[in-house]
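Take a look at the structure below.
The values are calculated or read from the model by the stated rules, or taken from the named source; none is laboratory data. Please read these numbers as outputs of a predicted model, since none were measured by experiment. As a convention, Cβ positions derive from the backbone with ideal geometry for all residues, glycine included, and neighbour counts pool all protein chains shown. Side chains are part of the model used for accessible areas, which takes the heavy atoms of the whole protein and leaves out ligands, DNA and RNA. Shrake-Rupley method; radii C 1.70, N 1.55, O 1.52, S 1.80 Å.
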Amino acid sequence: MDSSVWVTNGLMWLAIAMSPIALWASRRKILARANGRTEFQALVGLNVAVAIAALILTLFTLGYAEGKARALADNRADAAAAS
């Protein structure tokens, strides 16, 4: 697996980890608006949805890396058996 994939995954999780902190820090400003409670609930829901999508992408990346490594090992075993 290319290292850029892992860097992208790490940056994605870093942004997801910081987003609730920023949301919590600005909660008073958001809740002071006219539809603040609804907006705050929507932002929390969006954060949860993005975290679930990131989890799915991370698991897919890990599964892809494992499958690629397994296929490479099978190809090497087949090549060794053929010779």
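Below is a table of values for the structure above.
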read-out	value
Projected area, mean over directions - the chain, Cα convex hull, nm²	6.2
Cα long-axis angle, helix 3-25 against the chain (0 to 90 degrees, to the nearest 10)	20
Principal-axis tilt of helix 36-82 within the chain, Cα atoms, nearest 10 degrees	0
Of all accessible heavy-atom area on the chain, the percent that carbon and sulfur account for (1.4 Å)	68
Average accessible area per residue (Å²) across the range 1-79 - probe 1.4 Å, nucleic acids and ligands excluded	76
Mean residue ellipticity (222 nm) of the chain, computed from DSSP H runs ≥ 4 via -39,500 (n - 2.57), nearest 500	-32000 deg cm²/dmol
Cα-projected label distance for ALA15 with LEU31, points at 7 Å along beta-carbon direction, nm	2.8
